[in-house]
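Only the coordinates and a few stated rules stand behind these numbers; no lab work does. Owing to the predicted nature of the structure, the values given are computational and were not obtained by experimental measurement. Positions of Cβ are generated from backbone atoms using ideal geometry, with glycine treated the same way; all protein chains shown enter the neighbour counts.
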Amino acid sequence: MEKKVGELMVPIMELATVDGESTVREVVAALKVCRRYPVVLVTENGKIAGMIGMKEVLRGLNPVAFKKDAYGGWVVNPEWTEPVLLAGCFQERCADLAERPAREIMMPVSRQLKVQDSALKAAHVIIRNAQDPVAVWEGDRLVGVVGMKELFAEIVRELEVKGGRGKVIFADRFRRKGSLNITG
């Protein structure tokens, strides 16, 4: 029987939480020690407003280049931002990013998945929105997140149950020994 999103998700209690006023430095510290998922929930006025993962931190290094063609209400041609990226200044950008509030880089929490939704719907939402993980809701309560990691684990389980284990060729061993190692 197909599992529902509620059976695959990571419960919200296992995720770190910061206030929207927290600095990105504090978010990075929380991400560094995350137990199960490298995602931090951002709260505003006692409610969860967004999530920050590694992708959002990287986007924060250059907010113009990594957003979808708009910045501060202006339409931005992605070609215009490329020379800025090539100019370097990684340490300066990290220092600037460190003091920005978490709310500036967070991804707003979407309400697209419910605990009773199928794993296939979760895969569709993750791929369509290019967001990993995605929030899981039960009524008006955020109860967890589900991402590629959980879905891939379920794919592995399904394939192993139905067809056994596949064979794996380790390329690094091939280069060193001049032969292939196949495990199964």
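Strictly over 24 Å apart at the Cα level, which of K3/K149; K3/K32; K3/K162; K114/K149; K4/K149 would you flag in this model?
Working: K3/K149 15 Å; K3/K32 31 Å; K3/K162 15 Å; K114/K149 18 Å; K4/K149 15 Å.
Beyond 24 Å between Cα atoms: K3/K32.
Report the gain in length on full extension from L61 to R36: 0.36 nm times residue separation, minus Cα-Cα distance, nm rounded to one decimal.
Working: separation 25, 0.36 × 25 = 9.00 nm, distance 2.48 nm.
Separation in residues times 0.36 nm, less the Cα-Cα distance, equals 6.5 nm.
With a cut-off of 12 Å, note down the residues of the stretch 101-124 whose backbone N falls inside the zone around a label point 7 Å from the Cα of E158 toward its beta carbon.
Residues 118-124 fall inside that zone.
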